[in-house]
Structure formats: C-alpha cells, structure tokens
Amino acid sequence: MERDEWIKSERARRIVGFVGGYLIEMGVMTLEDLDRGLEEQLRFAAQGREMRLGEVLIQLGKVTPEQLKLALNQQSLEETRRLRRALEHAQKREKQKK
C-alpha cells in the first residue's frame with residue numbers, strides 16, 4: 001500500500017464513531033469534504049465563532065439538515081450500544097469477583 005493510500009485509510013479508520021465518519025459511511029460526503037469542513041470550523045473558531053461541525057457542513061452545502069440528523073441518530077445509537085456493552089462487561093466482572 002502506498003503511503004498516501006495508507007494515510008487516507010488510517011484517517012478514515014480514525015473517524016469511525018464521529019459524525020463525519022457516519023456521513024462518509026452514508027455516502028453523502030467524502031473525506032475531502034470532511035477536511036474542508038474541519039478547516040472552515042477552525043477558521044470560524046479563529047474569528048471567535050464557535051460552530052459545530054454539522055452546522056459548518058450544512059453551511060458549506062456538503063450535507064442537508066436531514067442527512068446530519070440521520071448521522072447524529074446513528075452516532076447516538078452506536079454510542080448507546082457501546083455503553084451497554086461496557087456496562088454488561090463491568091457487571092460480569094463484578095459478579096466474578098464475588
């Protein structure tokens with residue numbers, strides 16, 4: 001695998017679980033679109049205008065409010081699943097200690 005391909009693959013792997021990762025998985029934007037959104041988010045922050053990434057992506061026309069809502073719902077569902085698994089694992093360990 002060439003270095004550029006590895007970097008792109010690694011970056012994509014690291015965004016799993018974040019709203020940008022869900023939007024890319026949904027096929028509504030690319031990794032390059034995400035980069036642009038993050039750059040714009042930093043520009044706004046430098047101007048004292050804190051904006052969430054989703055707001056920036058909507059403003060740039062990269063996603064629609066409906067697409068963002070779907071991605072945020074997916075993110076919430078997955079986080080809930082992860083937390084449930086962690087709680088179940090902790091409860092099993094606690095039972096084993098007794």
Which of the residues belonging to the stretch 37-58 are surrounded by 13 or more Cβ atoms within 10 Å (Cβ to Cβ) and farther than 20 Å from Q75 by Cβ?
E40, F44
Determine the pairs where a residue that is touching a residue at least 60 places away in the same chain (Cβ under 8 Å) and under 24 Å from G20 (Cα atoms), located within the stretch 73-91, has a partner that is surrounded by 10 or more Cβ atoms within 10 Å (Cβ to Cβ) and not charged (D, E, K, R) with Cβ atoms under 7 Å apart, the partner being 6 or more residues away or on another chain.
E78/G17
Among the numbered criteria (1) assigned to a helix (DSSP H, G or I); (2) at pLDDT below 95, which single criterion is violated by R49?
(1)
Whether any residue in the stretch 60-68 is in a helix (DSSP H, G or I), exposed (fewer than 13 other Cβ atoms within 10 Å of the Cβ) and modelled with pLDDT of 90 or more is what I want to check.
yes
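The values are calculated or read from the model by the stated rules, or taken from the named source; none is laboratory data. Being a predicted model, the structure only gives us computed values, none of them experimental. When we count neighbours, we look across all protein chains shown, and the Cβ atoms used for this are built from the backbone with ideal geometry, even at glycine.
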